[in-house]
Amino acid sequence: MRSQRGMARATMACALAMLVSAGMAIAQDQAPERGRTLDEVVVTAQKRSENIQDVPIMVTAVSGQLLQDAGVRDIKDLTVLTPGLIVTSTANETSTTARIRGVGTVGDNIGLESSVGVVIDEVYRPRNGVGFGDLGELESIEVLKGPQGTLFGKNTSAGVINVRTAQPKFDFGGTAELVGGNRRTAEGSLSLTGPLVGDKLAGRIFYAYRQHDGFLDVNARAPRIAKEDVDRDVNTARGQLLWNPSDTVSVRLIADWSERNEFCCLGVQYVNGPATAIVSAISGGGIANPARPFTRRAYANRDTNQDIRDRGASAQVDWDLAGGAKLTSVTAWRHWEAELGQDSDFSGAALLYRDSKSYANTFETLTQELRLAGDNGRLKWLVGAFFADEDLDSINSLRYDSQFELYYSLALSAGMAPALVPTLLGRAPGTSYATGNGSYDVYGQDSTSWALFTNNTYSITDKFDIGLGLRYTNEKKDLDSHYTNLGTAASPAGIGCATARARFAIISGALPPAALPSYYGLGCATFADPVFNDATTRQSIDEGEWSGTAKLIYHVSDDVMSYLSYARGYKASGYNLDRERIGSPASPAAALDADTRFDSEKVDSYELGVKSSWLGNSLALNGAVFYQEYKGFQLNTFTGLQFVVASIPEVTSRGVDLDFLWYTPAEGLTLQGGVTYAETEYGDFDAAAAGVQPALPGNQMSFAPKWSGGVAATYERPINASLKWRTNVGAKYMSDYNTGSDLNPLKKQDAYALVDARIGIGSANDSWALELWGKNVFDEEYIQVGFDATLQTGTVDAFLGDPRLYGVTFRMNF
């Protein structure tokens, strides 16, 4: 019901913006405002600066001004402005996933690379979660839809989020901004730019601090102290130099640093199952019963601290050569690390947890790209090479908490026998699954990748062009895995499972046959299995793959361009950085699976598009019909006990994208938006053979709404000679979709809409502005992700979408 109300409100907001536009246009009956034309919209989707209407790719381009009006700080904020884009986070904000046209890779498993690439100032980020941070001052963001592997490389099989930050300027200036709002939102930022050495060297520095209180109130049990969760505490800084040693050479140096020290992210009870009563009983009411997720109350006894540090440096050199050619070199080094705490059962019961010192990931990357591009009349050509060296170190530890054994006994006996497990195992209570014992696994993955590529457009006639691109990628990955079970003298590593297997005859005689799978499935889950004790494996991948694109481009007129394109995309093979086992949990013959590899993901994409300009080049109407077929789609699923990676034989995404940008005849009014319709479905395949839920074949994928659309309306008018006011309203609608990788109907999210708004007054020369703003202004209630509650069969927990935020911003430009 709330989602219907939200949809109605968003629809009214959009309709109102359009009616205002139409009414003012009729009243004023004037030509488009001088200077406000589509010539201003320049993108780098083809690794060269081009007008968006000349690029045969479906691109949503968002200007720096609109990003500021919409309060975009990170890639998740971008979703309101981009039809067909969904960005979600789960147990922590390093587990962030971007999806375009319903396609993306679940980010909870660090072993899986992304289907949607995030590129910031021409530097690729190895995972969406690594690219999830404060973006700072922005020049623009481009969302490229469909495979972009020819120019952007591997792991862009669904699209690219291409971020360009503000560059140094040779005119002195600066911006200071203060923000305050509800939930104790407090932000401050400062930017300075200007010449350092005449017209040869300019610099830019930026610093920001942002914080707000938690979006969840926490019923905290010892040892946890924090009473809130999903808060924010971010520091970020970026320094730049722009050096022009000559008229033909430009060098841009960037160094950046950021740090997050937060508590994030607890799930809440969404649908309760039979285990809820037991959890409530042993924790003294430490679980929501009945489930009321949107009271925004969570339960936990363990910390969820996330300490994330990101730093890096890059150098981009552009050299204009004789004959109109241009040589570009981009060199980058980055280091990213995260230490994460987790209450793994998301309740006040003491069942399972992760300690931040033993649940951590580190990426260190070195990348180098060289491009040589030119324009020889009819031929626009580009050749390039790319190299990347990436080191990933990961620690994954899951530990028993003090009530694990008690819960295990009660769950098996329907709450009747609290000492069932110790009795069956013949061990003293608390010694089979002792507090602090569990799994402790260390992974070290070294990856090297190199590629050669070319992308060219040839004008056969003045109206007809042909585009051809090709890329060869070589990918090598070496993974060293060391699995360990923690134990003590009184409670040796893996003793609970080892004893259960040794006493199979006794246990099978004491329990009904129907209870045996649950007994061993829990007591001999992979995190409890002694076959992993002090085990070491080494795996290697060395593969090469071709990708590319072909385009037919026809210029119907100066204002209309159509294109037919084919693209081949590729996402590399990889490893599941979680435990995998061969055999039944109850079997003494169960063994570690030393092969955790999953195969590469490939996509063939076909697109028929039209780009058109109207009304004196003030209105862009762009559209595309697309069909994308994925082979070996990499699906990551959480079972309630572990992550499982499956290669799905076939996934298809077909539909229509429509985008528009209108500098209206009404002075100061701009409208931008679009609609995506996508049928993103699993093919018909043998679910059992693929190791996935039987609901998947033939059905719409998770996080794939069929309809997604939105509009942003910006209006600026003078009040008098010294003052003006500016307002922006953005709305995004998505039809219903499932948020679970297993398509459990309990994880469905109904259709909903989000509305953001900003209104302000400021000086006519932009020297200052005072703005009131709201995000999710109608407080729409929705979930980001529904998931199986850990150990609690039948219970579904959820990570919630953000609540309403509102506040005031004061900005000074000088």
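Quickly run through the stretch 73-127 and pick out the residues that are among the hydroxyl-bearing types (Ser, Thr, Tyr) and under 23 Å from ALA731 (Cα atoms). Break it down into steps so the answer makes sense when it comes.
Our first condition is that a residue be among the hydroxyl-bearing types (Ser, Thr, Tyr); within the stretch 73-127, this holds for 79, 82, 88-90, 94-97, 105, 114-115, 124.
If the condition is that a residue be among the hydroxyl-bearing types (Ser, Thr, Tyr) and under 23 Å from ALA731 (Cα atoms), then THR79, THR82, THR88, SER89, THR96, THR97 are the ones that fit.
With ASP355, ASP345 as the choices, which residue is among the acidic types (Asp, Glu) and open to solvent by less than 40 Å² (accessible area, probe 1.4 Å)?
ASP345
Here is a list of conditions, (1) in a loop (DSSP other than H, G, I, E, B); (2) in contact with a strand residue (DSSP E or B) (Cβ under 6 Å, 6 or more places away or on another chain); (3) not acidic (Asp, Glu), and ARG568 meets all of them except one; can you say which number that is?
Condition not satisfied by ARG568: (1).
Which of the residues spanning the stretch 747-768 are surrounded by fewer than 17 Cβ atoms within 10 Å (Cβ to Cβ) and either touching a strand residue (DSSP E or B) at 6+ places or on another chain (Cβ under 8 Å) or hydroxyl-bearing (Ser, Thr, Tyr) (or both)?
Residues satisfying the conditions are LYS748, ILE759, ILE761, SER763, ALA764, ASP766, SER767, TRP768.
Which condition number in (1) surrounded by fewer than 21 Cβ atoms within 10 Å (Cβ to Cβ); (2) assigned to a strand (DSSP E or B); (3) not hydrophobic (A, V, I, L, M, F, W, C) is the one that THR461 fails?
Of (1) surrounded by fewer than 21 Cβ atoms within 10 Å (Cβ to Cβ); (2) assigned to a strand (DSSP E or B); (3) not hydrophobic (A, V, I, L, M, F, W, C), only one is false for THR461: (2).
Show the residue pairs meeting these rules: Cβ distance below 8 Å; 6+ apart or different chains; first residue within the stretch 795-814 and closer than 14 Å to TRP773 by Cβ; second residue part of a strand (DSSP E or B) and acidic (Asp, Glu).
VAL808/GLU771; THR809/GLU177; THR809/GLU771; PHE810/GLU177; PHE810/GLU771; ARG811/GLU177; ARG811/GLU771
Please determine, by comparing only the residues of the stretch 136-186 that are of a type in the set (Asp, Glu), open to solvent by 10 Å² or more (accessible area, probe 1.4 Å) and under 26 Å from the mean Cα position of the chain (by Cα), which one is nearest to THR94 (Cα to Cα). Give the derivation first.
Kept after step one, since they are of a type in the set (Asp, Glu), are these residues of the stretch 136-186: 137, 139, 142, 171, 177.
Then keep just the ones that are open to solvent by 10 Å² or more (accessible area, probe 1.4 Å); that gives 137, 139, 171, 177.
Still in the list and also under 26 Å from the mean Cα position of the chain (by Cα): 137, 139.
Numbers: GLU137: 22, GLU139: 25 Å.
The residue in question is GLU137.
Across the stretch 235-268, what is the total count of residues that are over 22 Å from VAL785 (Cβ atoms) and not polar (S, T, N, Q)?
Of the residues in the stretch 235-268, 17 are over 22 Å from VAL785 (Cβ atoms) and not polar (S, T, N, Q).
Restricting the stretch 769-814 to residues that are among the β-branched types (Val, Ile, Thr) and part of a strand (DSSP E or B), which is surrounded by the most Cβ atoms within 10 Å (Cβ to Cβ)?
Residues of the stretch 769-814 among the β-branched types (Val, Ile, Thr): 777, 783, 785, 790, 793, 795-796, 808-809.
Those left that are additionally part of a strand (DSSP E or B): 783, 785, 796, 808-809.
Numbers: ILE783: 24, VAL785: 28, VAL796: 24, VAL808: 14, THR809: 19.
Among those residues, the one meeting the criterion is VAL785.
Here are the criteria: (1) open to solvent by 30 Å² or more (accessible area, probe 1.4 Å); (2) farther than 22 Å from GLY574 by Cβ; (3) assigned to a strand (DSSP E or B). Tell me which single one ASP480 does not satisfy.
Going through the list (1) open to solvent by 30 Å² or more (accessible area, probe 1.4 Å); (2) farther than 22 Å from GLY574 by Cβ; (3) assigned to a strand (DSSP E or B), ASP480 breaks only (2).
Quick check on my filter: what residues within the stretch 99-135 are of a type in the set (A, V, I, L, M), more than 12 Å from the chain's Cα centre (by Cα) and not in a loop (DSSP other than H, G, I, E, B)? Even if it seems obvious, please write down each step before you answer.
Residues of the stretch 99-135 that are of a type in the set (A, V, I, L, M), as a first pass: 100, 103, 106, 110, 112, 116, 118-120, 123, 130, 135.
Right, trim to more than 12 Å from the chain's Cα centre (by Cα) and you get 110, 112, 119-120, 123, 135.
Of everything in the stretch 99-135, those that are of a type in the set (A, V, I, L, M), more than 12 Å from the chain's Cα centre (by Cα) and not in a loop (DSSP other than H, G, I, E, B) turn out to be VAL119, ILE120, VAL123.
Give me the residue from the stretch 301-322 that is open to solvent by 40 Å² or more (accessible area, probe 1.4 Å) and out of contact with any Asp or Glu (no Cβ under 9 Å at 6 or more places or on another chain) and, out of that set, nearest to VAL234 (Cα to Cα). Spell out the reasoning first.
Of the stretch 301-322, the ones open to solvent by 40 Å² or more (accessible area, probe 1.4 Å) are 302-303, 309, 311, 313, 317, 319-322.
This time we only want the ones that are out of contact with any Asp or Glu (no Cβ under 9 Å at 6 or more places or on another chain), so: 317, 319, 321-322.
Details: VAL317: 31, TRP319: 37, LEU321: 42, ALA322: 46 Å.
Step by step, filter the stretch 301-322, then rank; the result is VAL317.
Just for the stretch 227-243: of the residues that are hydrophobic (A, V, I, L, M, F, W, C), within 27 Å of the chain's Cα centre (by Cα) and not in a loop (DSSP other than H, G, I, E, B), which one is farthest from ALA91 (Cα to Cα)?
The initial filter retains those residues of the stretch 227-243 that are hydrophobic (A, V, I, L, M, F, W, C), namely 230, 234, 237, 241-243.
From what is left, the residues that are within 27 Å of the chain's Cα centre (by Cα) are 230, 234, 237.
From the residues that got through so far, the ones that are not in a loop (DSSP other than H, G, I, E, B) too are 234, 237.
On the way: VAL234: 18, ALA237: 26 Å.
Top of the filtered list is ALA237.
Among the numbered criteria (1) within 30 Å of ALA451 (Cβ to Cβ); (2) open to solvent by 30 Å² or more (accessible area, probe 1.4 Å); (3) among the β-branched types (Val, Ile, Thr); (4) over 21 Å from the mean Cα position of the chain (by Cα), which single criterion is violated by ILE395?
Only one criterion in (1) within 30 Å of ALA451 (Cβ to Cβ); (2) open to solvent by 30 Å² or more (accessible area, probe 1.4 Å); (3) among the β-branched types (Val, Ile, Thr); (4) over 21 Å from the mean Cα position of the chain (by Cα) is unmet by ILE395, namely (1).
Are any residues in the stretch 195-220 small (Gly, Ala, Ser), surrounded by 15 or more Cβ atoms within 10 Å (Cβ to Cβ) and free of Cβ contacts under 8 Å to residues at least 40 places away in the same chain, and if so, which ones? Walk me through how you get there before you give the answer.
Our first condition is that a residue be small (Gly, Ala, Ser); within the stretch 195-220, this holds for 198, 202-203, 208, 214, 220.
If we keep only those that are surrounded by 15 or more Cβ atoms within 10 Å (Cβ to Cβ) too, we end up with 202-203, 208, 214, 220.
Selection gives GLY203 alone.
Select, from LEU635, LEU671, the only residue that is assigned to a strand (DSSP E or B), among the hydrophobic types (A, V, I, L, M, F, W, C) and either farther than 30 Å from PHE598 by Cα or open to solvent by 50 Å² or more (accessible area, probe 1.4 Å) (or both).
On the way: LEU635 fails: either farther than 30 Å from PHE598 by Cα or open to solvent by 50 Å² or more (accessible area, probe 1.4 Å) (or both).
Just one listed residue meets the conditions, LEU671.
Using beta carbons and a limit of 9 Å, which pairs, at least six apart or on different chains, have the first residue in the stretch 608-626 and within 26 Å of ARG654 (Cα to Cα) and the second one open to solvent by less than 10 Å² (accessible area, probe 1.4 Å) and modelled with pLDDT under 95?
Sorted first by the residue in the stretch 608-626, then by its partner, the pairs are SER613/LEU38; ALA620/LEU38.
Please tell me if SER547 is open to solvent by 30 Å² or more (accessible area, probe 1.4 Å), in contact with a Lys or Arg (Cβ under 9 Å, 6 or more places away or on another chain), over 26 Å from LEU486 (Cβ atoms) and among the polar types (S, T, N, Q). Steps first, answer last, please.
Working: open to solvent by 30 Å² or more (accessible area, probe 1.4 Å): no; in contact with a Lys or Arg (Cβ under 9 Å, 6 or more places away or on another chain): yes; over 26 Å from LEU486 (Cβ atoms): yes; among the polar types (S, T, N, Q): yes.
For SER547, the condition - open to solvent by 30 Å² or more (accessible area, probe 1.4 Å), in contact with a Lys or Arg (Cβ under 9 Å, 6 or more places away or on another chain), over 26 Å from LEU486 (Cβ atoms) and among the polar types (S, T, N, Q) - is not met.
Quick test of your reading of the structure: LEU696 fulfils all but one of (1) open to solvent by less than 10 Å² (accessible area, probe 1.4 Å); (2) in a strand (DSSP E or B); (3) not acidic (Asp, Glu). Name the failing condition by number.
(2)
Within the group THR680, THR664, THR714, THR676, which residue is crowded, with 22+ Cβ neighbours inside 10 Å, over 22 Å from the mean Cα position of the chain (by Cα) and among the polar types (S, T, N, Q)? First the steps, then the outcome.
On the way: THR680 fails: over 22 Å from the mean Cα position of the chain (by Cα); THR714 fails: crowded, with 22+ Cβ neighbours inside 10 Å; THR676 fails: over 22 Å from the mean Cα position of the chain (by Cα).
Going through THR680, THR664, THR714, THR676 in turn, just one is crowded, with 22+ Cβ neighbours inside 10 Å, over 22 Å from the mean Cα position of the chain (by Cα) and among the polar types (S, T, N, Q): THR664.
Report whether or not ASN485 is in contact (Cβ under 8 Å) with a residue 60 or more places away in the chain, of a type in the set (S, T, N, Q) and open to solvent by less than 30 Å² (accessible area, probe 1.4 Å).
Working: in contact (Cβ under 8 Å) with a residue 60 or more places away in the chain: no; of a type in the set (S, T, N, Q): yes; open to solvent by less than 30 Å² (accessible area, probe 1.4 Å): yes.
When the stated conditions are applied, ASN485 does not pass them.
If you scan the stretch 493-511, which residues turn out to be open to solvent by less than 30 Å² (accessible area, probe 1.4 Å) and outside any loop (DSSP other than H, G, I, E, B)?
GLY496, CYS497, THR499, ALA500, ARG501, ILE507
Looking at this structure, is ALA350 among the small types (Gly, Ala, Ser), touching an Asp or Glu at 6+ places or on another chain (Cβ under 8 Å) and open to solvent by less than 20 Å² (accessible area, probe 1.4 Å)?
On the way: among the small types (Gly, Ala, Ser): yes; touching an Asp or Glu at 6+ places or on another chain (Cβ under 8 Å): yes; open to solvent by less than 20 Å² (accessible area, probe 1.4 Å): yes.
Taking the combined requirement at face value, the residue satisfies it.
When the stretch 583-632 is examined, which residues are found to be of a type in the set (Ser, Thr, Tyr) and part of a strand (DSSP E or B)?
Here is the first cut: in the stretch 583-632, the ones of a type in the set (Ser, Thr, Tyr) are 584, 587, 596, 600, 605-606, 612-613, 618, 627, 630.
Scanning the stretch 583-632 gives SER605, TYR606, SER612, SER613, TYR627, TYR630.
Given the residues ALA490, ALA514, which is the only one that is exposed (fewer than 15 other Cβ atoms within 10 Å of the Cβ), in a loop (DSSP other than H, G, I, E, B) and either at pLDDT 95 or above or of a type in the set (A, V, I, L, M) (or both)?
Values: ALA514 fails: in a loop (DSSP other than H, G, I, E, B).
One residue alone meets the criteria, ALA490.
Do any residues in the stretch 555-579 that are closer than 14 Å to ASP465 by Cβ and open to solvent by 10 Å² or more (accessible area, probe 1.4 Å) have Cβ atoms under 8 Å from those of residues that are assigned to a loop (DSSP other than H, G, I, E, B) and not small (Gly, Ala, Ser), where the two are at least six apart or on different chains, and which pairs are they?
HIS555/ASP462; HIS555/LYS463; VAL556/LYS463; SER565/PRO56; SER565/ILE57
Name the residue, out of GLY64, GLY84, that is modelled with pLDDT of 95 or more, surrounded by fewer than 23 Cβ atoms within 10 Å (Cβ to Cβ), closer than 23 Å to PHE152 by Cα and not acidic (Asp, Glu). Give the derivation first.
On the way: GLY84 fails: surrounded by fewer than 23 Cβ atoms within 10 Å (Cβ to Cβ).
Unique residue meeting the criteria: GLY64.
The values are calculated or read from the model by the stated rules, or taken from the named source; none is laboratory data. Everything quoted here is computed from the prediction, not taken from an experiment. Because the Cβ atoms are built from the backbone with ideal geometry, glycine has one as well, and the counts that use them run over all protein chains shown. Note: areas computed on protein heavy atoms with side chains; ligands, DNA, RNA excluded. Shrake-Rupley method; radii C 1.70, N 1.55, O 1.52, S 1.80 Å.
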